[in-house]
Amino acid sequence: MLKGKNITLRALEPEDLEFLYQWENDTDIWQISNTVTPFSRFVLKQYLENQAEDIFTAKQLRLVIEVNSKPIGTIDLFDFDPINHRAGVGVLIANQSDRNKGYASEALLLLKDYAFTKLQLNQLYCNILENNASSIHLFENLGFEKIGLKKDWIKNGNGYVDEYLLQCIKA
């Protein structure tokens, strides 16, 4: 476990099935996670059973963000590239009532430290929709810089939305 002042990051457990099922099937966040179909409990159960693989084998790592032993979200490393020492990062604070309390910032700080010191990564990157001001603000405040804009990248009900690529290189 990685512990901060207000949060803990921990590995996924079999008991996490129900809240993962709710979060993965929340259509309000599908656009952010590039999801287009629901996940079954069976598929998520298999996913949880395969979490024994380390990041070097699975090329990804999902950690649960807890506050007072209550899961409030997840933070992920994905597209882990041990040769080029980089990975993508994504964070979810599931319920609106838990947002804007500093939990995502603390989780991202803990994950950055873990990625740069323990995994010896040189850089982290993320993709954020241009209209997601709070996420852009979160990542920029923690040392990520906008390095590109992907035009008309994500289709939504109103057309297309641009997506920023942000990067944080180890200091």
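The values are calculated or read from the model by the stated rules, or taken from the named source; none is laboratory data. Keep in mind it's a predicted model, so treat the numbers as computed, not measured. Positions of Cβ are generated from backbone atoms using ideal geometry, with glycine treated the same way; all protein chains shown enter the neighbour counts.
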* Could you list, in sequence order, all residues of segment 22-43 that are touching a Leu at 6+ places or on another chain (Cβ under 9 Å) and either modelled with pLDDT of 80 or more or under 19 Å from Asn68 (Cβ atoms) (or both)? => Trp23
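Out of Asn132, Asn127, which single residue is modelled with pLDDT under 95 and closer than 19 Å to Thr74 by Cα? Show your work before the answer.
Details: Asn127 fails: modelled with pLDDT under 95.
Residue meeting the stated conditions: Asn132.
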* Asked: Taking interchain pairs and intrachain pairs at least six residues apart, which have beta carbon atoms under 7 angstrom, with the first residue in segment 14-28 and of a type in the set (A, V, I, L, M) and the second surrounded by fewer than 16 Cβ atoms within 10 Å (Cβ to Cβ)?
  -> Leu17/Arg41; Leu17/Lys45
* **Candidate set: segment 141-168, residues that are over 24 Å from Asn100 (Cβ atoms) and polar (S, T, N, Q); chosen: the one nearest to the chain's Cα centre (by Cα)** => Gln167
* Asked: When you look at Ile147, is it more than 19 Å from Thr8 (Cα to Cα), free of Cβ contacts under 8 Å to residues at least 40 places away in the same chain and either among the hydrophobic types (A, V, I, L, M, F, W, C) or surrounded by 18 or more Cβ atoms within 10 Å (Cβ to Cβ) (or both), yes or no?
  -> yes
* Verdict on Glu106 being surrounded by 14 or more Cβ atoms within 10 Å (Cβ to Cβ), of a type outside the set (S, T, N, Q) and at pLDDT 95 or above -> yes
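Here's the yes/no breakdown for (1) under 20 Å from Ile128 (Cα atoms); (2) within 15 Å of the chain's Cα centre (by Cα); (3) surrounded by 15 or more Cβ atoms within 10 Å (Cβ to Cβ); (4) aromatic (Phe, Trp, Tyr):
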{"position": "Ser69", "(1), (2), (3), (4)": "no, no, no, no"}
{"position": "Ile72", "(1), (2), (3), (4)": "no, yes, yes, no"}
{"position": "Ile83", "(1), (2), (3), (4)": "no, no, no, no"}
{"position": "Val91", "(1), (2), (3), (4)": "yes, yes, yes, no"}
{"position": "Asn100", "(1), (2), (3), (4)": "yes, no, no, no"}
{"position": "Tyr114", "(1), (2), (3), (4)": "no, yes, yes, yes"}
* Structure fact -> Expected output for segment 30-57 (first residue under 18 Å from Ile75 (Cα atoms) and surrounded by 14 or more Cβ atoms within 10 Å (Cβ to Cβ), partner modelled with pLDDT under 70 and aliphatic (A, V, I, L, M), Cβ below 7 Å, 6+ apart or cross-chain) is Trp30/Val36
* To do: Count, please, the residues in segment 116-141 that happen to be part of a helix (DSSP H, G or I) and surrounded by fewer than 18 Cβ atoms within 10 Å (Cβ to Cβ).
  => 7
